[in-house]
Amino acid sequence: MQGYPPPPHQAEMSKMPPQQQPPVMGEPVMGVPYYVHENPYQAGMVPPNAIYGDPKGVPLQQTIYRDTPAPFNCLYCGDTGLTQVRSKPSLASVVGCLMCCGCGFCFLLRSMDCLWHKYHYCSHCHQKVAEFEKSDPCIVMDPPNWTEASFAVPA
């Protein structure tokens, strides 16, 4: 097969230095670094500067809502403080209850709310600000992870 000459606009572009040529669509841009690494904080590691109690005016970058009251800045009223936590039964608590019914006690009791869903509310305006739902029924078999502390990362 015989080659055809390039179209006139490509012939002009081939005379340009490579730095001045426009990038061709569909090709990666050379010289732009792209780093891929895991973020340990997304994998469950708690940062060393995490705030667990009342932030007392410290600006927060991100709040991780879990089982305990969380430090936060309310989007609705602007108040800073700790959330109020309300619990509702989860699938994990039902599975735990079914597993232990033969023993004569049930995980649906209020004393076992570590397996319940947690809903966080602002203590000032009472608006719902976050949810922490326990959707894994296998957590019944993992007691060290029944209760996870909420925390915030300062800005």
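The values are calculated or read from the model by the stated rules, or taken from the named source; none is laboratory data. If you're wondering where the values come from, they're calculated on a predicted model, not measured in any experiment. Counting neighbours? That spans all protein chains shown, and the Cβs are built from the backbone with ideal geometry, glycine included. SASA here: full protein model, heavy atoms, side chains in, ligands and nucleic acids out. Shrake-Rupley method; radii C 1.70, N 1.55, O 1.52, S 1.80 Å.
Computed quantities for the displayed model
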| item | result |
| --- | --- |
| Yes/no for Pro40 being out of contact with any Lys or Arg (no Cβ under 8 Å at 6 or more places or on another chain) and either among the small types (Gly, Ala, Ser) or modelled with pLDDT of 85 or more (or both) | no |
| Positions within the range 57-70 being modelled with pLDDT of 85 or more and exposed (fewer than 11 other Cβ atoms within 10 Å of the Cβ), in sequence order | Pro59, Gln61 |
| Residue within the range 78-91 that is assigned to a helix (DSSP H, G or I) and open to solvent by 60 Å² or more (accessible area, probe 1.4 Å) present | yes |
| Selection from the range 117-155 of residues that are surrounded by fewer than 19 Cβ atoms within 10 Å (Cβ to Cβ), of a type in the set (S, T, N, Q) and either on the phi > 0 side of the Ramachandran plot or modelled with pLDDT under 90 (or both) | Ser135, Asn145, Thr147 |
